[in-house]
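Data block below; observations after.
The values are calculated or read from the model by the stated rules, or taken from the named source; none is laboratory data. Since this is a predicted model, take the numbers as computed values, not measurements. Reconstructed Cβ throughout: ideal geometry from the backbone, glycine too, with neighbour counts over all protein chains shown.
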Amino acid sequence: MSNIAKTTIGLMFLTLISKVLGFFRELCLGSVYGASAFTDAYIISQNIPIVIFTSVAMALGTSYIPLFCDIREKSGDKEAIKFSNNLINIVVMFCSLLAIVCMIFTEPLVKIFAIGFEGETLKLAVEFTRILIVGIIFIGVNDVLMPFLQINQNYAVPGMLGIPYNIVIIISIFISPKFGCKVLIYGTLLAILSKVLFQIPFAKKKGYKYKAYINFKDKNIKKLLLLVAPVFVGVAVNQVNGLVDKTLASTLVEGSISSLNYANKLNEFVMGIFIVSITSVIYPLLSKLSAGNNKEEFNNSIVKSINYVILLVIPISIGAMVLSTPIVKLLFERGAFDLRATQMTSSALFCYSIGIIGFGLRDILSRVFYSIQDTKTPMVNGAIAMALNIVLNLILIRYMGHAGLALATSISALVCIVLLFRSLRKKIGNFGEERIAFVFIKTLISGVVMGIVTTIFYDFISNIVRGGMISQIVSLSTSVLVGVTVYFIGVVILKIDEVNEAISIIKDKFTTKRGGYSAK
């Protein structure tokens, strides 16, 4: 597992670069075009292809991995590549037809996504959408090539896709005022295409060779469709949860939706860097082990991946709870974002943070089921969690307002992982739950001690260092540093295997740099 740990850490670093570039892209857009009708139209037209096809593409990529591994295990690389070509060609055909339909009905489509658009803003949005809707073809191809590379142990290239994407858009933003606003639109379309073009040379190195082959009657395509449907419903469940939260929040005081959105963005940032990196590495491995009937290594990989999530997420969860107000204050409180907005957002962040471990483990456990080609169990458990979320929303909103909506989401996520753990034990038997329980208890103890020390230290340092933003940065950063140190000491003292493994990796890296080689 040490190689997996190394790969995951590297992927987290690449993901962080992509996230920072994405944030810089938004700053550039605001700097050049501000808050205008153009930016409103551009953002909507950019989101429409993503919303229309991303859920389908995600379900497609998720179902493709275990099926590809199964085909390769039973029939060899040639048949697996043939299946991949068939799938890509069918996806391109389907997406092309969908794009044509969207081009014909662009105006009503835009009005669905932006009810309030009219006049020049509506005209721009329709014009931009007709161009960018072609991007769904590239999104579809991308979501086959990306898992293909992950299956073949190339995780760096999929992790870097956001880098060329954001760079192309940033360049387009700065040159568009000189050459016309459509440069940004076509630049964005090129950015979507860049993800595909960037992967092709690396896919060829891993044995991929394109052929114009289509067979709708292929038994593997039929099997894929059976796997895709439940995954798609599972993804849609999360979308419905978010929609219900926003709908109920719209009945509350002004700023409730924004507060939930800002708090959720911070939560998604953590998920994007840590959880997505782990699942990107572990899911193809689990699919290979499942296809090869390697039960012992399969179970060991499940335990290791879950324990890594626990070790990473619990301290982040506790840290976000005890420092929710200073985090929101430092990141957002300026201009129109006043003290009231900070209080509302920090309360939402606190409640969302309770469920971060649930969100993270839900993604890992769902991938475990997908790797054994069981897509129905996560769908059913997800639907139960969604129903619970709606019921809790209606109860907690009366007593806690918008924070109750965030707490309901967290509670339903925690209940969902309990259901998934129980279902997994029924499915594959004992897979090492005792090891997970020991790591959870030790990590929770270290995290609670960290939270107490961090809170005391932050109160102490913030009373000494008072002033503007610099003092906020100093207080928060030093408190986080102290918290990380306390947590690290705690997990080392409690002797957690995964921590010792991470320390060994760091030592190996240090030895390599100092001595020019790594002793093995």
How many residues are of a type outside the set (D, E, K, R), farther than 18 Å from Val253 by Cα and touching a residue at least 60 places away in the same chain (Cβ under 8 Å) if we restrict to the stretch 371-407? 12
Can you tell me which of Asp338, Asp374 is within 23 Å of the chain's Cα centre (by Cα) and not hydroxyl-bearing (Ser, Thr, Tyr)? Asp374
Any idea which of (1) surrounded by 20 or more Cβ atoms within 10 Å (Cβ to Cβ); (2) free of Cβ contacts under 8 Å to residues at least 12 places away in the same chain is the one Lys204 doesn't satisfy? (1)
Of (1) without any contact (Cβ under 8 Å) to a residue 24 or more places away in the chain; (2) outside the structural domain of Gln153 (by TED's automatic domain parsing), Ile221 satisfies all except one. Which? (1)
Any residue at all in the stretch 432-442 that's within 30 Å of Gln343 (Cα to Cα), crowded, with 19+ Cβ neighbours inside 10 Å and modelled with pLDDT of 90 or more? no
Selection count, the stretch 310-368, where residues are within 30 Å of Ile496 (Cβ to Cβ) and assigned to a helix (DSSP H, G or I): 35
Given the condition out of contact with any helix residue (DSSP H, G or I) (no Cβ under 9 Å at 6 or more places or on another chain), surrounded by fewer than 19 Cβ atoms within 10 Å (Cβ to Cβ) and under 30 Å from Ser462 (Cα atoms), answer yes or no: does some residue in the stretch 341-364 qualify? no
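Per-residue answers, yes or no, for (1) over 13 Å from Gln46 (Cβ atoms); (2) assigned by TED's automatic domain parsing to the domain that holds Phe68; (3) part of a helix (DSSP H, G or I); (4) at pLDDT below 90:
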{"residue": "Ile112", "(1), (2), (3), (4)": "yes, yes, yes, yes"}
{"residue": "Lys123", "(1), (2), (3), (4)": "yes, yes, yes, yes"}
{"residue": "Leu145", "(1), (2), (3), (4)": "yes, yes, yes, no"}
{"residue": "Ile169", "(1), (2), (3), (4)": "no, yes, yes, no"}
From the list Lys78, Lys82, exactly one residue is surrounded by fewer than 14 Cβ atoms within 10 Å (Cβ to Cβ) and either modelled with pLDDT of 90 or more or not assigned by TED's automatic domain parsing to the domain that holds Asn142 (or both). Which is it? Lys78
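Every residue, every condition in (1) surrounded by fewer than 22 Cβ atoms within 10 Å (Cβ to Cβ); (2) not charged (D, E, K, R), yes or no:
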residue: Glu127; (1), (2): yes, no
residue: Ile133; (1), (2): no, yes
residue: Gly159; (1), (2): no, yes
residue: Ile171; (1), (2): yes, yes
For the stretch 170-187, how many residues are in contact with a Gly (Cβ under 8 Å, 6 or more places away or on another chain) and of a type outside the set (A, V, I, L, M, F, W, C)? 2
Any chance the stretch 436-445 includes a residue that's part of a helix (DSSP H, G or I) and either among the acidic types (Asp, Glu) or closer than 29 Å to Leu331 by Cβ (or both)? yes
For Lys219, which of the numbered conditions (1) at pLDDT 85 or above; (2) crowded, with 19+ Cβ neighbours inside 10 Å fails to hold? (2)
Restricting to the stretch 255-298, what's the tally of residues that are assigned to a helix (DSSP H, G or I) and within 30 Å of Gly76 (Cα to Cα)? 20
When you scan the stretch 187-215, how many residues do you find that are more than 16 Å from Ile170 (Cβ to Cβ), in a helix (DSSP H, G or I) and of a type in the set (D, E, K, R)? 2
What pairs come out if I take residues in the stretch 150-175 that are free of Cβ contacts under 8 Å to residues at least 24 places away in the same chain and pair them with residues that are crowded, with 22+ Cβ neighbours inside 10 Å whose C-beta lies under 6 Å away, six or more apart or interchain? Ser172/Leu184
All-but-one check, Arg130 against (1) in contact (Cβ under 8 Å) with a residue 60 or more places away in the chain; (2) assigned to a helix (DSSP H, G or I); (3) not aromatic (Phe, Trp, Tyr), failing number (1)
